[in-house]
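Shown next, in structure tokens, is the structure this report addresses.
The values are calculated or read from the model by the stated rules, or taken from the named source; none is laboratory data. Please read these numbers as outputs of a predicted model, since none were measured by experiment. Cβ placement follows ideal geometry from the backbone for every residue including glycine, while neighbour counts extend to all protein chains displayed. Note: areas computed on protein heavy atoms with side chains; ligands, DNA, RNA excluded. Shrake-Rupley method; radii C 1.70, N 1.55, O 1.52, S 1.80 Å.
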Amino acid sequence: MLRILILGGIGDAVELAAKVANIPGIEAIASLAGRTREPANLVGNVRIGGFGGVVGLVSYLREMQIDLLIDATHPFANQISENAAAATEEVGIPRLMVIRPPWKKLEDDCWLEVENNLAAAAVLANQAKRVFLTIGRQEIATFAHLQEIWFLMRMIDPPNNDVVLPPGLILCDRGPFTLENEQEILIKYNIDTIVTKNSGGNATYPKIIAARKLGIKVVMVNRPLIPPGERVPDVESAVQWLLNKLEFL
């Protein structure tokens, strides 16, 4: 019996946990960071919360006798990915990263690529009036000083009460989103610029298509560096990786 730990919180982790639950010889524990207050339903054993850094994760892997770790976290959750790399190396167990491909700029896209949210905020100054901000709620305060810009801020959960917000409107919603929905939002709120992270995947890509069709600028926050290691682009490949590991038991 293989015991695996799935680090997640996005659709890939949910899908992977559901598929793994049907594989004989594998016991999976899915771990969520707890940033989403009502996470999507996961199949099987689920834990919520952090581990306490590398030391805490090492202790958990040993205590729970984890044989394999699959990192299916968000492409921008680089800290937990770094911790997972260090912890699995110390414990001496295999680690796999599920890294979905980033979105690629097409000929008709009007993108300005930046390295982080601070750079995105700097780009908006004096260049945008009505912004569709789709970076989640964790770093929303980065844009609070831009008082001359109106923001439509979409996130799964509302921000904490003590967070300083930029002027505008909060829209709580969870993907996947349709092209029709995204076009309607951009037109209704007279959006001239979108700010988004290059998360990849299909769930939120319709806003990129809508921006392309409507000629709207996109400030695209590039992904942070990820640790080296074995990686696959999708859930199906991760399942095959697990099946290959089972063959050697």
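What number comes out for the charge environment of ILE29, summing +1 per Lys or Arg and -1 per Asp or Glu over other residues with Cβ under 12 Å away?
Numbers: positive: ARG3, ARG47; negative: GLU27, GLU63, ASP67.
Once positives and negatives cancel, what remains is -1.
Is region 110-209 rounded, prolate or oblate when judged by the Cα gyration tensor, a ≥ b ≥ c being the square roots of its eigenvalues, rounded requiring a/c under 1.5 and prolate requiring a/b larger than b/c? Numbers along the way, then the final one.
Numbers: a/c = 1.40, a/b = 1.23, b/c = 1.14.
Because its axes are fairly even, with a/c under 1.5, region 110-209 counts as rounded.
Taking just the alpha-carbon atoms of region 53-123, what radius of gyration and Dmax come out, in angstrom?
For region 53-123, the Cα radius of gyration and maximum Cα-Cα distance read 17.0, 52 Å.
I want to make sure I understand the PRE zone here: with the label point 7 angstrom from the Cα of ARG223 toward its beta carbon, which residues in region 136-157 have backbone N atoms less than 19 Å away?
From region 136-157, the list is 136.
Using the Cα centre as the reference, give the magnitude of the dipole from point charges on the C-beta atoms of the chain (Lys, Arg: +1; Asp, Glu: -1; all else neutral), rounded to the nearest 20 debye. Don't skip to the end; give the middle numbers.
On the way: 24 positive and 28 negative charges, 77 e Å.
That gives the chain a dipole magnitude of about 360 debye.
Give the relative contact order (percent, whole number) for the chain; include only Cα pairs under 8 Å separated by 6+ residues.
Details: 456 pairs, mean separation 52.0, N = 249.
Rounded, it is 21 percent for the chain.
For labels at VAL91 and LYS105 in the simple 7 Å Cα→Cβ model, what's the distance in nm?
The answer from the label model is 4.0 nm.
Can you give the local net charge around LYS129? Use residues other than it whose beta-carbon is closer than 15 angstrom to its beta-carbon, Lys and Arg +1, Asp and Glu -1. Kindly include the intermediate steps, with their values, before the conclusion.
Numbers: positive: ARG130, LYS217; negative: GLU148, ASP192.
Surrounding charge for LYS129 is 0.
Normalised by the number of residues in region 61-166, what is the relative contact order in percent for Cα pairs under 8 Å and 6+ residues apart? Write down the numbers at each step before the final one.
Numbers: 95 pairs, mean separation 20.8, N = 106.
Reported relative contact order: 20 percent.
Where nothing but the Cβ of Lys and Arg (+1) and of Asp and Glu (-1) is charged, how large is the charge dipole of region 109-249 around its Cα centre, in debye to the nearest 20?
280 debye
From the helices alone, meaning DSSP H stretches of at least four residues, give me the mean residue ellipticity at 222 nm for the chain, per-run term -39500 (n - 2.57), in deg cm²/dmol to the nearest 500.
On the way: 7 runs with 75 residues, N = 249.
After summing the helix terms and dividing by residue count, I get -9000 deg cm²/dmol.
Can you give the extra length, in nm with one decimal, that the chain gains between LEU214 and CYS172 once fully stretched, where that is 0.36 nm per residue apart less the Cα-Cα distance?
On the way: separation 42, 0.36 × 42 = 15.12 nm, distance 2.33 nm.
Difference between extended and current length: 12.8 nm.
Over region 160-249, what relative contact order in percent results from Cα pairs under 8 Å that are six or more residues apart? Don't skip to the end; give the middle numbers.
Working: 55 pairs, mean separation 24.0, N = 90.
Relative CO of region 160-249 lands at 27 percent.
Using a 1.4 angstrom probe on heavy atoms only, work out the carbon and sulfur share of the accessible area of the chain in %.
51 percent
Are there trypsin sites (Lys or Arg not before Pro) in region 80-110 that DSSP marks as loop and that have at most 16 other Cβ atoms within 10 Å, and which are they? Before the final figure, lay out the partial values.
On the way: sites: ARG95, LYS104, LYS105; in loops: LYS104, LYS105.
When the trypsin sites (Lys or Arg not before Pro) of region 80-110 are filtered for loop state and at most 16 Cβ neighbours within 10 Å, LYS104, LYS105 remain.
Past 19 Å, Cα to Cα, is the threshold; run LYS105/LYS207; LYS188/LYS217; LYS105/LYS188; LYS105/LYS217 against it and keep the listed order. Don't skip to the end; give the middle numbers.
Values: LYS105/LYS207 13 Å; LYS188/LYS217 16 Å; LYS105/LYS188 25 Å; LYS105/LYS217 12 Å.
With Cα atoms farther than 19 Å apart: LYS105/LYS188.
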